[in-house]
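Colleague: Before I ask anything, here is the structure I am working with.
Nothing in this text is a laboratory measurement; each read-out follows from the coordinates by a stated rule. Quantities reported herein were computed from a predicted structural model and do not represent experimental measurements. Positions of Cβ are backbone-derived with ideal geometry, glycine not excepted, and every protein chain shown enters the neighbour counts.
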């Protein structure tokens, strides 16, 4: 049986661990609240820009029927290079994970989804380039010996700077325009609500006006959650100085905001995952502490009983 001193030392160690995990839980809760507030404040901009970009596509003829004249792909390419849909031979997968651990299965889920998506594309005979941010992601791919190109993370903690996201979006767009990739996909943890986040794959380029299907089968606009999508009549825009100048500004901006939204949702999902992981760790530490205290009481009681028996035996021997 363990000695009292050993059990007491373990109780103290578990108690200190519980304090640390509880503190980390509180910090993660506060950061998660800030991240979700940031997403809610940014949603109106994403929605408005998506609506304007959709109307711009219609105004440019990129989404109309191709009964006569150029095809839809040719119209999209003429409208803006980021809209060009071409035969997919080369795909770039951009994965977003965290630099730190202690957040449950957050990093592992992104890693597995990116790996599975890469294997699917390779099975289709496509050339795949894997990019991404996050030290945990890079370490996982290195351990599994998967070719991986690391990118400097624009997310130092829970505040992704827009300037860094803008540079990253420009780099991905340059790969697409230069022909290094026929399609760019993003793998990240999507923020559905405060109670649910899940990894998903989104097509980043070419920019599409068609809504994506979520896991629930609901149509989702790329720029905002379904609950915030607005339905209304089309608005006729007065474009000045000329359509090309406006469109050259709208579509790159839409791509940059797409990357910024991805990092906002990834930051919120990471903090929520860390809060849950730390709460589970705190609960487990409390259970272990209770078990150790019971063990300590049994050891202490056994020690007292042994001392009493020794005293009784010694008094009988002297009698």
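Colleague: Just need a number here: residues in segment 113-138 that are part of a helix (DSSP H, G or I) and without any contact (Cβ under 8 Å) to a residue 60 or more places away in the chain. Can you show your working first?
Modeller: At the first step, the residues of segment 113-138 found to be part of a helix (DSSP H, G or I) are 113-123, 135-138.
Cutting the leftovers down to without any contact (Cβ under 8 Å) to a residue 60 or more places away in the chain gives us 115-116, 118-123, 135-138.
Selection size over segment 113-138: 12.
Colleague: Quick check on my filter: what residues within segment 29-43 are touching a residue at least 40 places away in the same chain (Cβ under 8 Å) and under 30 Å from residue 254 (Cα atoms)? Can you show your working first?
Modeller: Within segment 29-43, the first condition is being touching a residue at least 40 places away in the same chain (Cβ under 8 Å), and the residues that meet it are 29, 31-32, 34-36, 38-39, 42-43.
Selection gives 31, 32, 34, 35, 36, 38, 39, 42, 43.
Colleague: Among residues belonging to segment 85-104 that are outside any strand (DSSP E or B) and within 11 Å of the chain's Cα centre (by Cα), point out the one that is nearest to residue 174 (Cα to Cα).
Modeller: Initial filter on segment 85-104 (outside any strand (DSSP E or B)): 85-89, 97-104.
Next, only the ones that are within 11 Å of the chain's Cα centre (by Cα) stay: 97-98.
Details: 97: 22, 98: 25 Å.
Out of the qualifying residues, it is 97.
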